[in-house]
Amino acid sequence: MSEQYDVIVIGAGPAGYPAAIRAGQNKLKVACIDGWQNRDGSYAFGGTCLNAGCIPSKALLESSELYHRAQHEFAVHGITVSGVAFDVATMQARKNKIVKSSTQGITGLFKGAGVTALVGHGKLLKSEGGVNKVEFSDKDGKTQVLSARHVVLASGSTPTELKSLQFDGQDIVDSWGALEFAAVPKRLGVIGAGVIGLELGSVWNRLGAQVVVLEALESFLPMADQAVAAEALKNFKKQGLEIKLGAKVSGASKGKEGVTLKYSDASGEQTVVVDKVVVAVGRRPYTKNLLAEGTGVELDERGFVKVDDECRTGVANVWAVGDLVRGPMLAHKGKEEGVVVADLIAGKHGEVNYKVIPSVIYTAPEIAWVGLTEQQVKASGRPYKIGSFPFMAAGRARAMEATAGFCKMIAATDDDEVLGVHIIGPMAGELIAEAVLAMEYSASTEDFQRTVHAHPTLSEAVHEAALAVDKIAIDFPNR
């Protein structure tokens, strides 16, 4: 007789492991299956985010920014630094230590919540008699069938590969490969000017690489408010990132001089020679060997598992969360979906407000936003008003020598509801949390205006942007 559970979660990334932990907290019998394998052959929980995405990339961004500041910004503080050197091996060792600590932490959390951790591959089988079945193949190849009342699919996503630029694991790599460089490439090509491409390009640019970013779209950061995108592009170019828009890559060839990238833009056919290439053109849902024949779980035209607003697949007691389903491919979005599903399974209330999911790009300056862009509000036809406040007018930002960027707030003219908040500047990823919380409760700009913000803080920029919506900002001329 197969092992029986209340819940089996397939995938232990940022959507799967929170689902398993919350289900355990809800006193359910839970198993979580994951077969993530690192390049050294070891197995680890945490999925792409902890092993080869969010966490290691932020570790490298922090290290590279400190190096950049020591070279270019310390002098203005009266700090004289000479002979600044950088050791990539030490940086990578620090990153790996952080990753290992994070992934091992999940194992401890599983034990605390009573979750059975299964290392291997999980595949949903056709249900029998209303009981869901999962085929579990362990790391040694031994297979058994497990039973569960509920199954949560959380297998995540994988980098998209271009047919014209296939990964070779050495010179043409995906985002994971770009986190593992043992030396700073002299010339680095980045395909895609999205979140991943800009963050990875920033890391190696700060460390001395000549970085060229080729973006097929004519517009820069089209998902962001275009005022923020324009400010970001200006700052990235100032930092030395060469960003080419409307550059469609058609192929690559490797030779003694490096990798020759072929692309076309408004000027016609072009080439650029680099030492390494990072392909960062997006991610796609990972469903390989996830679903057996006859499960009834459907995929849409883009390969995402079809779900409703509560992440139900349409098959009784089978759910799907995270990058596997519609919506932004963000770790925090997947986490909330996993927690909500676990609560719904336990008969509790659960809901994800998809209108207020924040987005963050961890470059310098950071970029963060929540809600609608000005372009989206304008297209909707709803009358609106805008307030903006530059960090150069914020005392704390000046003290930090971090005055690039601004905070922009968009509100409805009729009822003053805040529709979107967009920040480019220091600690934008932290500042956006205030806006997310406020918008969760349908706050107005007056709510922001009447909330006391400590002085001097960066958060005063958010306060002043709210005041600027009604042209009553205190610390900057109102226009």
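The values are calculated or read from the model by the stated rules, or taken from the named source; none is laboratory data. Predicted model only: the values in this text are computed from it and were never measured. With ideal geometry, Cβ positions are generated from the backbone for all residues, glycine too; neighbour counts draw on all protein chains shown. Ligands, DNA and RNA are excluded from the accessible area calculation, which covers all protein heavy atoms including side chains. Shrake-Rupley method; radii C 1.70, N 1.55, O 1.52, S 1.80 Å.
A few remarks follow.
- The long axis of helix 428-440 is offset from the longest Cα principal axis of the chain by roughly 70 degrees.
- Computed about the Cα centre, the dipole magnitude for segment 389-467 is approximately 440 debye when only Lys and Arg (+1) and Asp and Glu (-1) carry charge, each at its Cβ.
- Segment 391-479: C-alpha gyration tensor shape, a/c 1.5 cut-off, then a/b vs b/c: prolate
- Mean separation of Cα contacts under 8 Å, 6 or more apart, over the residue count of segment 363-479: relative contact order %: 31 percent
- With an a/c value of 1.5 or above and a/b not larger than b/c for the gyration tensor axes a ≥ b ≥ c computed over the alpha-carbon atoms, the chain is described as oblate.
- Charge dipole magnitude, Cβ of K and R +1, D and E -1 - segment 261-409, Cα centre, debye nearest 20: 480 debye
- Applying the criteria of a DSSP loop state and at most 14 other Cβ atoms within 10 Å to the trypsin sites (Lys or Arg not before Pro) of segment 8-95 yields 27, 39.
- Separation of segment 358-405 and segment 440-479, taken as the distance between their Cα centroids, equals 12 angstrom.
- Taking the Cα centre of segment 292-369 as reference, the dipole from Cβ charges on Lys and Arg (+1) and Asp and Glu (-1) amounts to some 140 debye.
- For segment 128-181, the relative contact order is 21 percent, taking Cα pairs closer than 8 Å that sit 6 or more residues apart in sequence and dividing their mean separation by the residue count.
- Largest accessible area first, the listed residues 367, 79 line up as 79, 367 when surface is computed with a 1.4 Å probe on the assembled protein chains.
- GluC sites (Glu not before Pro) within segment 180-249, DSSP loop, no more than 11 other Cβ atoms inside 10 Å: 218
- Among the cysteines of the chain, those whose beta-carbon sits 4.7 Å or more from every other cysteine beta-carbon are 32, 311, 407.
- Gyration tensor (alpha-carbon) shape descriptor, segment 285-419, a/c threshold 1.5: prolate
- The chain: calculated mean residue ellipticity at 222 nm from DSSP helix runs of at least 4, using -39500 (n - 2.57): -9500 deg cm²/dmol
- The chain: antiparallel DSSP beta bridges as a percent of all, rounded to 5: 65 percent
- Inter-part distance where segment 193-261 and segment 1-52 are each reduced to a Cα centre, Å: 35 Å
- Think of segment 169-264 as a dipole: +1 on every Lys or Arg Cβ, -1 on every Asp or Glu Cβ, centred on the Cα centre; then among 178, 201, 188, 188 lies furthest on the positive end.
- Helix 16-25 and the longest principal axis of the Cα set of the chain meet at an angle near 60°.
- Lys pairs under 27 Å by Cα in segment 220-276, provided they are eight or more residues apart or on distinct chains: 21
- Degrees separating the helix 331-345 axis from the principal Cα axis of the chain, which is the longest one: 40 degrees
- Of the GluC sites (Glu not before Pro) found in segment 332-368, the ones in coil according to DSSP and having at most 16 other Cβ atoms within 10 Å of their Cβ are 351.
- Relative contact order, percent, the chain [alpha-carbon distance under 8 Å, six or more residues apart]: 14 percent
- Positive-end residue of 253, 373, 118, charge dipole of the chain with Cβ unit charges: 253
- Along the axis of the charge dipole computed for segment 96-171 (Cβ charges of +1 for Lys and Arg, -1 for Asp and Glu, origin at the Cα centre), the listed residues 141, 158, 103 are led at the positive end by 103.
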